[in-house]
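The values are calculated or read from the model by the stated rules, or taken from the named source; none is laboratory data. Everything numeric in this text was worked out from a predicted model, so none of it was measured. Glycine gets a Cβ as well: all are built from the backbone with ideal geometry, and neighbour counts include every protein chain shown.
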Amino acid sequence: MRVAPEGWPFILAAWAIAALLGLFAPVWAALLWLPIAVWVIAFFRDPVREGPRGDNLVIAPADGVVVSVKSMDESDYVKARTNRVSIFMNVFNVHVNRYPMNGTIEYRHYNRGAFGHAGTEKASLDNEQSTIGLMTARGRVLVRQIAGLVARRIITDHGVGTAVVQGERMGLIRFGSRVDVFVSATAKVLVHEGDKTVAGRTVVAQWE
């Protein structure tokens, strides 16, 4: 199983604790810790993802559950009416995020903020977040990584001027979070609240 490189310090620490408990603590203590050590590996898994591709498709940037589909004006980069799809990742989802379309990064912005529940509408305004604006063959697309209750580090891999590939790794958010994707209102959204998504595989919107 492929693991995101950011995970190795946490994995090594978790298994070092497991080893110490196995050597010096009662058996029950080691057994209680073992599922946590296994979960840390699972949390940072980075599977190879293949799926539908095309300039008319918007691919899910995150594994999780769609918590909101909303028509709204986006003023930071798209500067037009958009459809926003919000995907919430729980602590058992893969947390590697992926680019929804081919394009060039024209905008990048980090905003310090709070660490409220990422699934709420308030989180889109108040929580820590990192935003990427992509110029694609279909126009401007914005992707926003939003920290959650226990997320304390948003990692965004690329800077302005980078040409990126649909389904390629965009970054990672540690320990629970949300990703929003804003696309032109001319694109048809194909998912609904409650739908599960797989990053790099699920088509969330499409142009005819």
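Quick check: anything in the range 19-32 aromatic (Phe, Trp, Tyr) and touching a residue at least 12 places away in the same chain (Cβ under 8 Å)?
Initial filter on the range 19-32 (aromatic (Phe, Trp, Tyr)): 24, 28.
In the following step, the residues that additionally are touching a residue at least 12 places away in the same chain (Cβ under 8 Å) were identified as none.
Within the range 19-32, not a single residue is aromatic (Phe, Trp, Tyr) and touching a residue at least 12 places away in the same chain (Cβ under 8 Å).
Hey, does the range 23-33 have a residue that's part of a loop (DSSP other than H, G, I, E, B) and at pLDDT 90 or above? Explain how you work it out, then say what you get.
Restricting attention to the range 23-33, the residues satisfying the condition of being part of a loop (DSSP other than H, G, I, E, B) are 25-26.
Retained after the next criterion (residues that are at pLDDT 90 or above): 25-26.
Yes - at least one qualifying residue is present in the range 23-33.
Looking at this structure, is Thr162 modelled with pLDDT of 95 or more and crowded, with 19+ Cβ neighbours inside 10 Å? Talk me through it step by step, then tell me what you get.
Details: modelled with pLDDT of 95 or more: yes; crowded, with 19+ Cβ neighbours inside 10 Å: no.
The answer is no for Thr162.
Of the residues in the range 155-177, how many are in contact (Cβ under 8 Å) with a residue 24 or more places away in the chain and within 19 Å of Pro47 (Cα to Cα)? Spell out the reasoning first.
Here is the first cut: in the range 155-177, the residues in contact (Cβ under 8 Å) with a residue 24 or more places away in the chain are 155-156, 158-177.
Subsequent filtering for residues that are within 19 Å of Pro47 (Cα to Cα) retains 155-156, 164-177.
Residues that pass the stated criteria total 16.
I want to confirm something. Restricting to the range 177-208 and keeping residues that are farther than 17 Å from Ser68 by Cβ and not in a strand (DSSP E or B), which single residue is farthest from the chain's Cα centre (by Cα)?
If we take residues in the range 177-208 being farther than 17 Å from Ser68 by Cβ and not in a strand (DSSP E or B), then Glu208 is farthest from the chain's Cα centre (by Cα).
Taking the options Ser75, Ser71, Ser86, name whichever one is of a type in the set (Ser, Thr, Tyr) and farther than 20 Å from Ser130 by Cβ. Walk me through it before giving the result.
Values: Ser75 fails: farther than 20 Å from Ser130 by Cβ; Ser86 fails: farther than 20 Å from Ser130 by Cβ.
Criteria check complete, one pass: Ser71.
Scanning the range 95-104 for residues that are touching a strand residue (DSSP E or B) at 6+ places or on another chain (Cβ under 6 Å) and assigned to a loop (DSSP other than H, G, I, E, B), which turns out modelled with the lowest pLDDT? It would help to see each step written out before you state the result.
As a first pass, look at the range 95-104 and keep what is touching a strand residue (DSSP E or B) at 6+ places or on another chain (Cβ under 6 Å): 95-101, 103-104.
Filter once more, so that each one left must be assigned to a loop (DSSP other than H, G, I, E, B): 95, 99-101.
Values: His95: 90, Tyr99: 98, Pro100: 98, Met101: 98.
Selected residue: His95.
Between residues in the range 182-204 that are within 23 Å of Gly171 (Cα to Cα) and residues that are among the charged types (D, E, K, R), which pairs lie under 6 Å by C-beta distance while being six or more apart or on different chains?
Taking only residues 6 or more apart or on different chains, the pairs are Phe182/Glu74; Phe182/Arg84; Val198/Asp63; Ala199/Asp63; Ala199/Arg98; Gly200/Arg49; Gly200/Arg98; Arg201/Arg49.
Any residue at all in the range 49-59 that's free of Cβ contacts under 8 Å to residues at least 24 places away in the same chain and either crowded, with 16+ Cβ neighbours inside 10 Å or more than 21 Å from the chain's Cα centre (by Cα) (or both)?
Within the range 49-59 (the criterion being free of Cβ contacts under 8 Å to residues at least 24 places away in the same chain and either crowded, with 16+ Cβ neighbours inside 10 Å or more than 21 Å from the chain's Cα centre (by Cα) (or both)), the answer is no, since none of the residues qualifies.
Quick check on my filter: what residues within the range 165-176 are surrounded by fewer than 22 Cβ atoms within 10 Å (Cβ to Cβ) and assigned to a strand (DSSP E or B)?
Here is the first cut: in the range 165-176, the ones surrounded by fewer than 22 Cβ atoms within 10 Å (Cβ to Cβ) are 165-166, 168-169, 174-175.
Passing the criteria: only Arg169.
For Val40, all conditions in the list (1) more than 24 Å from Gly133 (Cβ to Cβ); (2) touching a Gly at 6+ places or on another chain (Cβ under 8 Å); (3) outside any helix (DSSP H, G or I) hold save one; what is the number of the exception?
Result: Val40 fails condition (3) only.
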